[in-house]
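Below is one structure, written out as structure tokens; comments come after it.
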Amino acid sequence: MRAPSTVTKRLSGIWPVTSKNHRGAGGGAPCVLNAANEIAVAAFLERRIGFLEIAETVERALELLPDRAIGTLDDVYALDREARVAAAGFVASRAAPNAPRTAAAG
């Protein structure tokens with residue numbers, strides 16, 4: 001069995017936090033994680049950020065948007081939009097033309 005990569009270790013630390021928040025208070029952290037991840041992966045595929053910056057983008061969005069209760073679909077849509085804007089802003093600040101598509105496992 002191979003040792004987990006740096007990215008795997010980093011992302012595995014994010015999910016328990018969002019999962020706990022989601023189960024405990026109906027929080028929006030899973031919504032933020034998903035939206036930010038979609039923005040980050042798209043930026044990676046467009047070669048605007050490196051692979052390791054996917055996790056960094058998700059972490060930053062989770063830091064920027066405080067967890068909150070989700071009561072309606074409108075709450076989900078609003079939080080999704082906010083997370084995408086936050087992630088896109090972070091990507092724009094980090095974007096490098098022709099960023100490397102892979103990273104060394106660590």
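The values are calculated or read from the model by the stated rules, or taken from the named source; none is laboratory data. Owing to the predicted nature of the structure, the values given are computational and were not obtained by experimental measurement. Every residue, glycine among them, receives a Cβ derived from its backbone with ideal geometry; neighbour counts consider all protein chains shown.
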Seminar exercise, completed: The correct count of residues that are over 12 Å from CYS31 (Cβ atoms) and either in contact with a Ser or Thr (Cβ under 9 Å, 6 or more places away or on another chain) or of a type in the set (A, V, I, L, M, F, W, C) (or both) in segment 59-85 is 2
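Got a sec? Which of VAL58, VAL17, VAL7 is among the β-branched types (Val, Ile, Thr) and modelled with pLDDT of 90 or more?
VAL58
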Seminar exercise, completed: Sole miss for ALA83 among (1) more than 15 Å from the chain's Cα centre (by Cα); (2) modelled with pLDDT of 95 or more is condition (1)
